[in-house]
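To start, the structure itself, in C-alpha cells.
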Amino acid sequence: MNNIYEPNEQNLNLAAQTIKNGGLVAMPTETVYGLGANVYIASAVAKIFEAKQRPFFDPLISHIAEIDFLKTYAQTDERIISLAQKFWPGPLTMVLKRTDNNAAIDLACSGLPNIAVRMPSHPVALSLIKKSGVPIVAPSANKFKSISPTTAQHVFDSLGERVDMILDGGACSVGVESTIIDVTGKNIVILRAGGTSKEDLEKFLNEKVFLSDGDPNKPSAPGQLLKHYAPEHPLRINAATRQPGEFFIGFGKIADCDLNLSPNGDLCEAAANLFAFLREADQKKDYKGLAISPIPETGLGLAINDRIRRASYKA
Ligand code: TXA
Ligand code: MG
C-alpha cells in the first residue's frame, strides 16, 4: 500500500479537498511532477520547504488554470498577456511584479517583490487547480538538489509519506522543467532554460531574448545552484566514448551505449527520457560513474545541457 492514487473524479475531489485544507498533493505536469500546496495557506507552503528540505530563500512557482487569475496577484501588460495566450497552458514560467503581499504568498516568493507563475498543460494538474479554486504552488516533487521526478513512483521514492496524496498521471511528456523568463524589465531574460525553446520565444516576440547564465549583472533564479539535479554517481558530460567502468548514456547514432536518450537525435525525446535514465543509471551499483554524450546547444538542448552540467558539478 502507498499513497499513489489514480486521478479519477473521486480522487481528484479528495485531492482538491486536501489542497483546500492545507495538505500536500503531488501532481503530474507536462514537465515534471510538482509538490503542490494552497498558495494562500502559509503553513501548507512551509510544509513544502520542510518535505523537500529546501532552503526558504528559494521561491516557488505558482500554478494557475486561467489567465485572468494573473491580475489578482501580479502586474500584467500587453506583452505578458500575449505570451500567456500563446504559450499557456505549457512549459513557460513568467516572473512578474507581485501585487499581493499576504503572508503565505510572501513565504512562497521568499519575500521577493516578484512572483513566478505558470499554467501547466497536463489535464490532471489543470483539473486539480480548478477543483481547488486556488493557485497551487509547486516545486518539483523531489528532495532539494536531487534528480527531478517524471513518474509518480519517482515522487514516492523521493518523498514517500511526507506527501498526503500522489496523483498518478503517467510519465511526463516534456521531461525537463519549464523555461523561466523574467518579464519585469524592458528585455526578456531567460532565468532557467526549459521546455519552451529560446527560438520559439524569439520567433513569437520578434525580439532578442537574453540568457542570464554566467552574467552576474543579469538577474537569475535563486534556486539555480551550481550543483543540482545530482545523481549519487559522478557524471561525466560531453563524453565521446565510454571509459572503463562507466555506465554510458548516448544520444544519436552511438552504438556502444547502455541507454540512448534518442537514437534519432530528437531533443524532445531526449528531454523526456533524461531524468528517468539518470535515475535508472544511478541505481546500478556496479558502475564507478556515469557518462553522457554531447548534446547540441539548440532548442531543448539548452535545457538538457543546463541540467547535466549542474548534475555533473563537483564541489
Ligand atoms: O516545470 C516546472 O517549472 C516545475 C513544475 C512542477 O511546474 N516546477 C519547478 O519548480 O521546476 P522548482 O521549485 O523546482 O524550480 C523553480 C525555480 C527555482 O529555481 C526558483 O528559484 C525559481 O523557479 N523562482 C521561483 N520564483 C521566482 C521568482 N520570483 N524570481 C526568480 N526565480 C524564481
Ligand atoms: Mg526543482
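The values are calculated or read from the model by the stated rules, or taken from the named source; none is laboratory data. Predicted, not measured: the structure shown is a model, and the values here were computed from it. Glycine gets a Cβ as well: all are built from the backbone with ideal geometry, and neighbour counts include every protein chain shown.
The figures follow:
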read-out	value
Failed item, numbered, when Ala104 is tested on (1) over 17 Å from Ile19 (Cα atoms); (2) more than 13 Å from the chain's Cα centre (by Cα); (3) at pLDDT below 95	(1)
Failed item, numbered, when Phe57 is tested on (1) at pLDDT 95 or above; (2) within 14 Å of ligand 1 (Cβ to nearest atom); (3) surrounded by fewer than 20 Cβ atoms within 10 Å (Cβ to Cβ)	(1)
Residue selected from the stretch 161-191 under the condition of a type in the set (D, E, K, R) and either touching a Cys at 6+ places or on another chain (Cβ under 9 Å) or surrounded by fewer than 24 Cβ atoms within 10 Å (Cβ to Cβ) (or both), by the criterion farthest from Ser140 (Cα to Cα)	Lys186
Unique match (being touching a residue at least 60 places away in the same chain (Cβ under 8 Å), over 20 Å from the mean Cα position of the chain (by Cα) and not in a loop (DSSP other than H, G, I, E, B)) among Ala37, Ala15, Ala26	Ala15
Residue match in the stretch 112-134 (condition: within 11 Å of ligand 1 (Cβ to nearest atom), more than 25 Å from Lys86 (Cβ to Cβ), in contact (Cβ under 8 Å) with a residue 40 or more places away in the chain and not acidic (Asp, Glu))	yes
Which numbered condition Phe49 fails, given (1) in a helix (DSSP H, G or I); (2) away from ligand 2 (no atom under 16 Å from the Cβ); (3) without any contact (Cβ under 8 Å) to a residue 60 or more places away in the chain	(2)
Selected residue (criterion: nearest to the chain's Cα centre (by Cα)) from residues of the stretch 69-92 that are modelled with pLDDT under 95 and surrounded by fewer than 18 Cβ atoms within 10 Å (Cβ to Cβ)	Phe69
Out of Thr76, Thr93, sole residue that is in contact (Cβ under 8 Å) with a residue 40 or more places away in the chain and either within 16 Å of ligand 2 (Cβ to nearest atom) or farther than 20 Å from Gln17 by Cβ (or both)	Thr93
Filter pass, Glu280 being among the acidic types (Asp, Glu), surrounded by fewer than 17 Cβ atoms within 10 Å (Cβ to Cβ) and under 25 Å from the mean Cα position of the chain (by Cα)	yes
Helices (runs of 4 or more DSSP H) contained in the stretch 198-315 and holding at least 1 residues closer than 26 Å to Arg54 by Cα and touching a Pro at 6+ places or on another chain (Cβ under 7 Å)	267-282, 301-311
Helices (runs of 4 or more DSSP H) contained in the stretch 94-184 and holding at least 2 residues of a type in the set (Asp, Glu)	none
Single residue of Ser82, Ser62 found to be in a helix (DSSP H, G or I) and polar (S, T, N, Q)	Ser82
Flag for Ile81 being of a type in the set (Val, Ile, Thr), farther than 22 Å from Leu35 by Cα and without any contact (Cβ under 8 Å) to a residue 60 or more places away in the chain	yes
For Arg98: the one exception among (1) surrounded by 22 or more Cβ atoms within 10 Å (Cβ to Cβ); (2) of a type in the set (Lys, Arg); (3) touching a Cys at 6+ places or on another chain (Cβ under 9 Å)	(1)
